[in-house]
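Input: a single structure, listed below in structure tokens.
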Amino acid sequence: MNITIEELLEMIGTLNRFKILDMLREKPLSIEEIAEELNISVPAVLKHLDVLEKAKIIEAKNVRERSEGRPKKVYYLKYKIIPKFFLDEEIAGLEFYIINPKVEEESYDIEDIRMRKALLKVKLRKLEKKRIKLLKELEMLERIENSI
């Protein structure tokens, strides 16, 4: 991902956006947690998050802390990145090297885990049925081969 210094300054040009990125580096956070930590309003946080989300630096996910109640939106860094600045007479810019494009496991909530487990169990049952079918076909072919 290449980005110019002007684009970078526009994205994280405010101290609060920079602080948000630094906070999300530690762990995923809700809008309310960010607002409380920065001591700014929720609408102000939403504006900052919108800019960072449009730049594809962060993503959001609905997380349910308990099996009851509404899920809350949690924001996290989309990638762990290493920035590399480059400056010369004609070009000034910044490259981000993506290290780990996967979401950390801690951002899963209990409903995600249950859903994932259920889907994996269904896949396992289908694979087991397919395995049994293939074994039967193999046995049949061996019987035919032995009778020839």
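Tabulated results
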{"item": "The range 111-130 residues that are more than 23 Å from GLY69 (Cβ to Cβ) and at pLDDT 80 or above, paired with ones that are acidic (Asp, Glu) and not in a helix (DSSP H, G or I) (beta carbon under 6 Å, 6 or more apart)", "result": "none"}
{"item": "The range 54-69: number of residues that are among the charged types (D, E, K, R) and within 12 Å of the chain's Cα centre (by Cα)", "result": "3"}
{"item": "Flag for GLU33 being part of a strand (DSSP E or B), modelled with pLDDT of 65 or more, on the phi < 0 side of the Ramachandran plot and surrounded by 15 or more Cβ atoms within 10 Å (Cβ to Cβ)", "result": "no"}
{"item": "Filtered residue count, the range 48-101, keeping only those that are in a strand (DSSP E or B), among the aliphatic types (A, V, I, L, M), under 16 Å from MET23 (Cα atoms) and modelled with pLDDT of 80 or more", "result": "4"}
{"item": "Subset of the range 40-64 (residues that are within 18 Å of GLU26 (Cβ to Cβ) and not basic (Lys, Arg))", "result": "VAL45, HIS48, LEU49, LEU52, ILE57, ILE58, GLU59, ALA60, VAL63"}
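The values are calculated or read from the model by the stated rules, or taken from the named source; none is laboratory data. Since we're looking at a predicted model, the values are computed, not measured. Don't worry about glycine lacking a Cβ; one is built from the backbone with ideal geometry, like all the others, and counts go over all protein chains shown.
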